[in-house]
Every structure is written in structure tokens, then in C-alpha cells.
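Novice: Before we start, here is the structure in question, set down as C-alpha cells.
The values are calculated or read from the model by the stated rules, or taken from the named source; none is laboratory data. These numbers were taken from a predicted model, which means no experiment stands behind them. Cβ placement follows ideal geometry from the backbone for every residue including glycine, while neighbour counts extend to all protein chains displayed.
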Amino acid sequence: MSKKICILDYGLGNILSLKYALSHLGYKNSFFNSENENKVFDCLIIPGVGSFSQAVELIKKKNLKNLIDKSIENNLLVIGICLGMQILFKKGFENGESYGLDYFDGDVTKMSDKKIIKLPHIGWKKTSFFNDNVFNHYSGEKFYYVHSYECKPLNQNDILADSKYNNKSFTAAVKKNNILGFQFHPEKSGTVGLDLLKDTIKNKIN
Amino acid sequence: MRIIPRLDIKNNFVIKGINLEGLRKVGDPNELGIKYYHQKADEIIFMDSVASYYGRNNLFEIIKKCTKDIFVPITVGGGLRSISDISQALNSGADKVALNSAAVKNPRFISEASKTFGSSTIILSIETKKNKDNEWEIFTGTGREPSGILLKNWINQIQEYGCGEIFITSIDQEGTQTGFDLNLLDYLDTLNIKVPIIFSGGCGNLEDIKKIKFKLKDDAIAVASVLHYEKLKIGDIKKEISNE
């Protein structure tokens, strides 16, 4: 049976590129906003460009947190991309301290280091994956990043991948049960990104 | 360093001029966009080269078509004047937008745009050359109209207003294939630039890439003529910078 993907539409960022990527891979997909609540799907993707507090606020205001909670409870695959990954954490520090959706323990803080002069960090960077048979063979591949903040998971077991900006490591992907987060944009990382997206959907949906 | 093909578009054709003038048709935007994607471009920039001059927005249909087959970030620029123009560009499949004339006319447009769409979505496009007082000045209307604003002041201002990247074209070098504007690059070094830049204008061969690659490690270059006239492929440039 063909897998159905739902893209959470809470009003931030370009969600079309994700749709095009999923369609290109042959997956049925649709947007989910608060108006079409009876959709059936196998995987929920949380995209996002914009600011942490604004995204969390919109999701709460539009009652979409329940949908994410329910998806997780029902053991569906939930994927956060870029800001969509960051808001899965407990706390963010963009435009002051604010609470996230709290599926991962840890903070989201501004990337800062003596070696880091330019933000946002934009570019294709080699990424290393750990301890996951689906993703391990992507280690060393380059993915496209654009972000100024980084996730700092408190539990090291949650870290699925890391990468570097000017020799400073940051968390590139996280995993906990059926929740995944990618700091990079698989939908904007060329053929390797599409392959990773396909592998994720093929192998990580229960 | 990111390598970004720049497609200047006029009336549904990719065009190329010298110093932003004397435009010649070089191909179909959709075909060239897909070709450069398959050559492993890091991103692609589509600029409507006459929109800000004549006040038209004809790029969206082109973008809608080719974003379905291109899976790297796409920037759209040229003639974007309002929040709803930007929405329309993003809804056509663009990931980022490049603002120029409208931002010069009303700098608050930058902060409005970056608050609405996130600063990483907003690129400021700057066309510059030295004026008769030997100062770098910014120009609008594809390099034709002097703004009276000095580059150094504008760079500070747009960063305060919250742009995520700065796309800088040297008008004197643009389209000449005689090398990047090294004087401009040296000058940019003296300014306080905290966001990545996309440096554009003059790339003619791999030697030109060699001269700038260390300075622009966290930044990007935009290239057009050498790709359009098939003097270089993106792979050649990537090989040149592969020891990054």
C-alpha cells in the first residue's frame, strides 16, 4: 500500500519544495492545517522556516500540537525539518527564552564560537550518522543547511548525526522512537537528499 | 564556498549582457535550470532582469514549472515590491527572494519581509560600482540608476534591518569574464559583514576562482557567462575548490 504523507501547514516557510520532493518520489502527500482534521496518513512532516517562538505559538494557536501528540501516540513516523526539528526541543532562545514542544530534552541556542563569523550558516556540509542501519551509509555525504541556531540534546542517545561549521560540531539529526529531526533540508539536498527522504519513509514507518 | 548559477531572465529567455547591458538570448530558463541542477549546482538564482525597470512580474510562471524538477534552493529576484510579491514568489516554489530597488526606496520593507518570512529567506541584492568621488555607490534598475547611497552605509543598514544574505554584483565586471572584482572584494573585507555574501560578476576561468576561494569560504559566488557559454561546468569549479 502506498504511504501517505502529511505536511503540517502552520503558516511558516516554503512548504511547496517539500511537497514537490515527495511527489517526485511518488508519495501521496497533502497539507494539514486545522481545517481538515480527519485525514488519514502514515507520516507527519513538520517543516519550517522562521523563528522558534513564532512557530511554537502558531502550532499551539491552531491546535496542531494535539495532532503531533496523537501521531506520536499512534506510533506514526514524525519528522521535523530545520526549524521543524528545533521546535521539537524543550526550550529555544531565539528572540528571548521560550518553550518548545518538548519531545526532546535540551535547548536550541545560537551557534556561536570564535571561528564562526557569519550567520546564518548556509552551505552543503559533510554529515556523519551514528548507530542507525537506515542512515549509516549516508555518512560523509553533503547536505544543505541554513540555520543560525543549533539543537543541544541533553540525552546523547538522541543524536543521530552531526556535522561541522568551521570545525565546530553541531547536531545534524536526532532520533527518539518514531520521532526524527533533520537540521539539514533533505528536500533541497539534490539526489542524495531525495534518497535519504525515500529511505526514511520506506524504512521508518511502522 | 557555494557555487550558484545565475539566470537573468527577460521575456521567458535566459539572457546575458556585459555590465548588465547589451542583452543576448542564451537559452530556455527551465532547460538551463535543470541542466545546472544536474551539474550539481549548490543553489540557483533566477533574476527577472527587466522587472524592476519596467515594473513587471513575469517570472512566477517559469519558477512554478522548473521547481518541480529542481531539488536545491532556488532564489527569485527582480521587481519584488511588496509582501504579497514575496508570498507569490515563495508560493511559486522559490525558497528565498532577492530584494533590490524596493528595499532601496523603502528600507523598512526589509525588516517587514524578514519578520514575515524569516531573515534567511531574504537576500539583499546590491549592484555597485565606484562613483566619480571614487566611492563605492549602489545602483538600482539593473545598474542604471545611481541611488546616492554609499555601499558601506547600505551594508550596515540592511544588516540592521535583518537580511540573511547579501548578493553583491560588480557592475564593472559583470558579464566581462575578465575576473572577479578584487578591489571590491578587498573593500568588502574592511566592512563589518556578519551574513554570508554571494559575490557576483566577472568569472571567466578557474584562475579567477582560485583568487577568491579562500576569502569566500563561508560565502558563495554567482556565475553566469562561463556556464551559459559552456566554458566551464559546475563540476570544474567544484574540483578547483574541493580542498576546502
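Novice: Sort out which residues of segment A:113-127 are touching a Gly at 6+ places or on another chain (Cβ under 9 Å), buried (at least 18 other Cβ atoms within 10 Å of the Cβ) and of a type outside the set (A, V, I, L, M), and write them in order of number.
Specialist: A:120, A:124, A:127
Novice: Given the condition under 23 Å from residue B:93 (Cβ atoms), at pLDDT 95 or above, out of contact with any Gly (no Cβ under 8 Å at 6 or more places or on another chain) and among the basic types (Lys, Arg), answer yes or no: does some residue in segment A:158-180 qualify?
Specialist: Restricting attention to segment A:158-180, the residues satisfying the condition of being under 23 Å from residue B:93 (Cβ atoms) are none.
Taking every residue of segment A:158-180 in turn, none turns out to be under 23 Å from residue B:93 (Cβ atoms), at pLDDT 95 or above, out of contact with any Gly (no Cβ under 8 Å at 6 or more places or on another chain) and among the basic types (Lys, Arg).
Novice: For residues in segment A:163-206 being aliphatic (A, V, I, L, M) and more than 14 Å from chain B (Cβ to nearest Cβ), which is farthest from the chain's Cα centre (by Cα)? Let's see the steps before the verdict.
Specialist: Going residue by residue through segment A:163-206, those that are aliphatic (A, V, I, L, M) are A:172-174, A:179-180, A:192, A:194, A:196-197, A:201, A:205.
Now narrow it down to the ones that are more than 14 Å from chain B (Cβ to nearest Cβ): A:172-174, A:179-180, A:201, A:205.
Numbers: A:172: 10, A:173: 8, A:174: 8, A:179: 9, A:180: 7, A:201: 14, A:205: 16 Å.
Applying the filter and picking the extreme gives A:205.
Novice: All but one of (1) under 17 Å from residue B:32 (Cβ atoms); (2) at the interface with chain A (Cβ under 10 Å from one of its Cβ atoms); (3) at pLDDT below 90 hold for residue B:66; which doesn't?
Specialist: Unmet condition: (2).
Here is a yes/no grid of residues against (1) surrounded by 15 or more Cβ atoms within 10 Å (Cβ to Cβ); (2) more than 13 Å from chain B (Cβ to nearest Cβ); (3) within 29 Å of residue B:44 (Cα to Cα):
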| position | (1), (2), (3) |
| --- | --- |
| A:27 | yes, yes, yes |
| A:30 | no, yes, yes |
| A:82 | yes, no, yes |
| A:101 | yes, yes, no |
| A:106 | yes, yes, no |
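Novice: Could you tell me which residue of segment B:2-55 is nearest to the other protein chains (Cβ to nearest Cβ), considering only residues that are touching an Asp or Glu at 6+ places or on another chain (Cβ under 6 Å) and outside any strand (DSSP E or B)?
Specialist: Initially, segment B:2-55 is screened for residues touching an Asp or Glu at 6+ places or on another chain (Cβ under 6 Å), giving B:2-4, B:9, B:15, B:19-20, B:34, B:47, B:49.
When the remaining residues are screened for being outside any strand (DSSP E or B), the result is B:19-20, B:34, B:49.
Working: B:19: 28, B:20: 25, B:34: 12, B:49: 23 Å.
Across segment B:2-55, the extreme among qualifying residues is B:34.
Novice: Would you please list the contacts, defined by Cβ atoms under 6 Å and residues six or more apart or on different chains, that run from a residue in segment B:138-167 that is closer than 20 Å to residue B:112 by Cα to a residue that is among the hydroxyl-bearing types (Ser, Thr, Tyr) and surrounded by fewer than 19 Cβ atoms within 10 Å (Cβ to Cβ)?
Specialist: If the second residue must be among the hydroxyl-bearing types (Ser, Thr, Tyr) and surrounded by fewer than 19 Cβ atoms within 10 Å (Cβ to Cβ), the pairs left are B:161/B:111; B:162/B:111.
Novice: Do we have any residue at all in segment B:218-231 that's more than 17 Å from the chain's Cα centre (by Cα) and of a type in the set (S, T, N, Q)?
Specialist: Filtering segment B:218-231 for residues more than 17 Å from the chain's Cα centre (by Cα) gives B:229-231.
Then drop every residue that is not of a type in the set (S, T, N, Q), which leaves none.
Looking through segment B:218-231, none of the residues is more than 17 Å from the chain's Cα centre (by Cα) and of a type in the set (S, T, N, Q).
Novice: Answer yes if at least one residue in segment B:130-152 is on the phi < 0 side of the Ramachandran plot, within 13 Å of chain A (Cβ to nearest Cβ) and part of a helix (DSSP H, G or I), and no otherwise. Step through it out loud before you land on a result.
Specialist: As a first pass, look at segment B:130-152 and keep what is on the phi < 0 side of the Ramachandran plot: B:130-133, B:135-140, B:144-147, B:149-152.
If we keep only those that are within 13 Å of chain A (Cβ to nearest Cβ) too, we end up with none.
No: segment B:130-152 contains no residue that is on the phi < 0 side of the Ramachandran plot, within 13 Å of chain A (Cβ to nearest Cβ) and part of a helix (DSSP H, G or I).
Novice: Ok, one more. Just give me the residues in segment A:126-156 being polar (S, T, N, Q) and within 17 Å of the chain's Cα centre (by Cα), in sequence order.
Specialist: Let us first name the residues in segment A:126-156 that are polar (S, T, N, Q), namely A:127-128, A:131, A:133, A:136, A:139, A:148, A:155-156.
Hits for segment A:126-156 are A:127, A:128, A:148.
Novice: Does residue A:80 satisfy the condition of being modelled with pLDDT of 95 or more and among the small types (Gly, Ala, Ser)? Please lay out each step first, then the result.
Specialist: Values: modelled with pLDDT of 95 or more: yes; among the small types (Gly, Ala, Ser): yes.
Taking the combined requirement at face value, the residue satisfies it.
Novice: Condition first: under 15 Å from the mean Cα position of the chain (by Cα) and within 12 Å of residue B:158 (Cβ to Cβ). Now tell me which residues in segment B:104-133 satisfy that.
Specialist: B:122, B:123, B:124, B:125, B:126
Novice: Going by what's in this entry, would residue B:76 be described as within 14 Å of another protein chain (Cβ to nearest Cβ) and surrounded by 18 or more Cβ atoms within 10 Å (Cβ to Cβ)?
Specialist: Working: within 14 Å of another protein chain (Cβ to nearest Cβ): yes; surrounded by 18 or more Cβ atoms within 10 Å (Cβ to Cβ): yes.
Against the criterion (within 14 Å of another protein chain (Cβ to nearest Cβ) and surrounded by 18 or more Cβ atoms within 10 Å (Cβ to Cβ)), residue B:76 qualifies.
Novice: Out of segment A:91-119, which residues are free of Cβ contacts under 8 Å to residues at least 24 places away in the same chain and farther than 28 Å from residue B:166 by Cα?
Specialist: A:91, A:97, A:102, listed by residue number.
Novice: Would you mind finding the one in A:58, A:64, A:44 that is at pLDDT 95 or above and farther than 24 Å from residue B:75 by Cα? Full working, then the answer.
Specialist: Numbers: A:58 fails: at pLDDT 95 or above; A:64 fails: at pLDDT 95 or above.
The conditions single out A:44.
Novice: Which of the following residues is more than 14 Å from chain A (Cβ to nearest Cβ), hydrophobic (A, V, I, L, M, F, W, C) and farther than 21 Å from residue B:133 by Cβ: B:167, B:180? Don't jump to the end; show me each part of the working.
Specialist: Numbers: B:167 fails: more than 14 Å from chain A (Cβ to nearest Cβ).
Going through B:167, B:180 in turn, just one is more than 14 Å from chain A (Cβ to nearest Cβ), hydrophobic (A, V, I, L, M, F, W, C) and farther than 21 Å from residue B:133 by Cβ: B:180.
Novice: From the residues in segment B:82-126 that are part of a loop (DSSP other than H, G, I, E, B) and crowded, with 23+ Cβ neighbours inside 10 Å, which one is farthest from the other protein chains (Cβ to nearest Cβ)?
Specialist: In this case the residue turns out to be B:100.
Conditions (1) of a type in the set (Val, Ile, Thr); (2) crowded, with 16+ Cβ neighbours inside 10 Å; (3) within 14 Å of another protein chain (Cβ to nearest Cβ), marked per residue:
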site: A:10; (1), (2), (3): no, yes, yes
site: A:18; (1), (2), (3): no, yes, yes
site: A:22; (1), (2), (3): no, yes, yes
site: A:40; (1), (2), (3): yes, no, no
site: A:64; (1), (2), (3): no, yes, no
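Novice: Let me ask another. Can you pull out every residue in segment B:110-137 that is free of Cβ contacts under 8 Å to residues at least 12 places away in the same chain and either in contact with a Cys (Cβ under 8 Å, 6 or more places away or on another chain) or not basic (Lys, Arg) (or both)?
Specialist: Answer for segment B:110-137, where residues must be free of Cβ contacts under 8 Å to residues at least 12 places away in the same chain and either in contact with a Cys (Cβ under 8 Å, 6 or more places away or on another chain) or not basic (Lys, Arg) (or both): B:133, B:134.
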